[in-house]
1. With the checklist (1) under 16 Å from the mean Cα position of the chain (by Cα); (2) at pLDDT 85 or above in hand, flag the one item THR31 doesn't pass.
2. With the checklist (1) touching a helix residue (DSSP H, G or I) at 6+ places or on another chain (Cβ under 7 Å); (2) within 23 Å of LEU135 (Cβ to Cβ) in hand, flag the one item ARG44 doesn't pass.
3. Go through (1) modelled with pLDDT of 90 or more; (2) exposed (fewer than 11 other Cβ atoms within 10 Å of the Cβ) for ARG24 and report which single condition fails.
4. Of everything in segment 60-87 that's among the aliphatic types (A, V, I, L, M) and in a helix (DSSP H, G or I), which residue is surrounded by the fewest Cβ atoms within 10 Å (Cβ to Cβ)?
5. For segment 7-20, does any single residue satisfy the condition of being of a type outside the set (Ser, Thr, Tyr), modelled with pLDDT of 85 or more and either in contact with a Leu (Cβ under 9 Å, 6 or more places away or on another chain) or within 22 Å of LEU107 (Cα to Cα) (or both)?
Amino acid sequence: MPRSEVRSLPRGCTPSPDLTAELRAIYRRLTGEECLVEVYLSARMATRTAGLYRKMPSGHQIVLSQRYLQLASQQQAEDLMRHELAHYHLAVTRRPGAGHGAPFRALMRAWSFSLFPDREILRSIARQTSRLRHLYLCPAGHEHWLARHPRRRALSCALCSPRYDRRHRLSYSGVSERQAGADPI
């Protein structure tokens, strides 16, 4: 395999032809168009996110968390795939910087799916991941586990507001017992 192709593969990911076929069928059902995306499974992902869309020189890629898919119901898994397909759809319709903004939310309503993956599944995975040591809490009580302190001091809860909002600023709750080598919570 040429070196340029090796670099375009997501680190720690394996191709999933079955999920690629399923995802392409969902996209065809939603839009009537063909989908040119490849799906990869990641065993490392899913403490803060369950999926990721990437446009690479070699093509479009969607990386899904293997652990999230194992814990999710069929409907939750399909919602996650629709979420990542919405990012793909906006990229191929020449709106790549839409993020989770107004065009994304309009597409979300049209395709009938939720904006975020299931928080309880992500929380369960985070509790089992020993490298996540720092607990941050938002005023609404959402937990955010991080491996290290971010460089940027001010963080806000993405579950409460899609953009930084000081009303939802995260407060540092301290280093968990995991750092001392204790079993995960």
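The values are calculated or read from the model by the stated rules, or taken from the named source; none is laboratory data. Since we're looking at a predicted model, the values are computed, not measured. When we count neighbours, we look across all protein chains shown, and the Cβ atoms used for this are built from the backbone with ideal geometry, even at glycine.
1. It fails just one condition, (1).
2. (1) is the only condition that ARG44 fails.
3. If we test ARG24 against (1) modelled with pLDDT of 90 or more; (2) exposed (fewer than 11 other Cβ atoms within 10 Å of the Cβ), just (2) comes out false.
4. Ranking the qualifying residues of segment 60-87, first place goes to LEU71.
5. Checked segment 7-20: at least one residue is of a type outside the set (Ser, Thr, Tyr), modelled with pLDDT of 85 or more and either in contact with a Leu (Cβ under 9 Å, 6 or more places away or on another chain) or within 22 Å of LEU107 (Cα to Cα) (or both).
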